[in-house]
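Engineer: Got a structure for you, questions after.
Just so it is clear, none of the values below were taken in a lab; they were calculated from the coordinates. Given the structure is predicted, the values throughout are model-derived calculations rather than measurements. So basically every Cβ, Gly included, is an ideal-geometry build from the backbone, and we count neighbours across all protein chains shown.
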C-alpha cells in the first residue's frame, strides 16, 4: 500500500532516492527523518518488521507481544528518525538497538518491574559508545590527563567549550548542544575537529 | 566524571556480554554489565563490536506477520505525528555520599540511586542498600568501612560485584574500581578492605531470595546476603 506524500518534499532528489527499492537503509531513514517521507517509511517497514517480529518472538516467546513490539519499535523509528545521522553508524544497527531497548522495556512493563531504571539508562544513546571507542582506538584515553590539559590551551575556544561539555561535564550530544545553544550538527563537527586537533597535539608531545 | 580506563582487570565473560547486547540478561545483571562498561574502554569496544555483529546477522522469523495485520500496524503508525522531540535524558546527580565521602557513580546506577537508597547498617562496619530491579536477582549497594571484614561465606547462586570506589580483597585476589568480580557457589570467601569499599552486587538466585526473606525475620542475623 502506498500513502501519498502529504507535502511536496523539500529535496526532490532525496525523495526519489527513497522511492527506489534499491535505496540504502540509511537513505530511507534520513528521508523519513528529514521529510517525513511515508514512502521511505513503508520501504523500511517492509525491510524490518519481520526482523523485529523475530527478535520479539525470541525474547518474549509470545506472538501478541512480538506484534506489539513491531508496532512500538517502528513507531519509534518513525518518531526518532530526525535524530538519526550517519555518525550513529548504519541504520540496521540503529534500528536493532532501538528495538532491543523497546523490547526490554516492554518486558519490564509486563513483568511489573519497578520503573526506576529503563533500557535507555542501561544502553545510553541506544548502545552507542562509538565516540569513546574511536578515542580509545587511537590510544587517546590512555594519555594522562595532565598532558591533555597542557594541550587544551591551544584549542579554539568554541571547540574547547564543546569538548568540556561532553568529556568534562559528561553531557550527551543533545544536552551539550542545548547548553551551548548551537545546532546538533555544529556541535558534532566542532567536537570532531576539536578531538582531531587535540589528538595531533597530544601525539606531537 | 567517571574515568574510563584501559587497565581494568576483571571483565564480564564473552557469553554474558553477548547476552547483554542481545537484551537477554535480567535487569539486575544488565545494570551490572552496563555499569562496568561505562568504566571500561575494552568492554566499550567489545560491546560495540558485538552489537554490530548481532545486528548484521539479524534475520527475520520463519513465520511472518500476516499481510492484513502488517497493513493495520503500518496505518496506525503513519497516523501518529512525528514528534521531533530532542532526546531528553534526565539529568540525575552522579554523586552519592557514603561515609562522608562523595562517590561518582556510573549513569545507570546514579539513576537508580536517585530514586532513594535506604541504608541498613549491619555488624562489622558493613552497610547495604537493597534496590529492587526484577524478580530474578537480588541487587544491592554494599559499603564496607575502612578496615572492615565480612564473615566468611558461600553463595547459593552466582554473585557479581562491581567495585565502584575503593578496593577489597579476598582469598583469590584484590579488586579495584570497575572490576567485574564473579563468584559461583563453589567459592567460600571472606571479603575485607583496608581503604573502604563501595560495591554494587547482583545475586542471581531467587532461591536465596526466599531464604533471605526468612532471615529478615530473624533479628539476630541481619546479614541476609551471606551464608555463614
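Engineer: Is there a simple number for the mean count of other chain Cβ atoms within 10 Å of the Cβ of residues in A:53-60, and what is it?
Structural biologist: Values: counts 6, 7, 7, 1, 3, 4, 3, 0.
For this peptide, the per-residue mean of nearby foreign Cβ atoms is 4.
Engineer: Could you pull out which residues in the range A:26-51 have an amide N less than 20 Å from a spot 7 Å beyond the Cα of residue B:63, following the Cα-Cβ vector?
Structural biologist: The answer is A:48-51.
Engineer: Sort A:57-70, A:22-35, B:29-42 for me by packing, meaning the mean count of neighbouring Cβ atoms within 10 Å per residue, highest on top.
Structural biologist: Descending mean neighbour count gives B:29-42, A:22-35, A:57-70.
Engineer: If packing is taken as the mean number of other Cβ atoms within 10 Å per residue, what is the order of A:189-197, A:98-106, B:58-66, highest first?
Structural biologist: Packing order, densest peptide first, comes out as A:98-106, A:189-197, B:58-66.
Engineer: Points 7 angstrom from Cα along the Cβ direction at residue A:47 and residue A:170: gap in nanometres?
Structural biologist: Placing both labels 7 Å beyond Cα along the Cβ direction yields 3.7 nm.
Engineer: Average partner chain C-beta neighbours within 10 Å, per residue of A:64-71?
Structural biologist: Partner-chain Cβ atoms within 10 Å, mean over residues of A:64-71: 3.
Engineer: Same structure, new question: Give the average, rounded to an integer, of partner chain Cβ atoms located within 10 angstrom of each Cβ in B:58-68.
Structural biologist: 5
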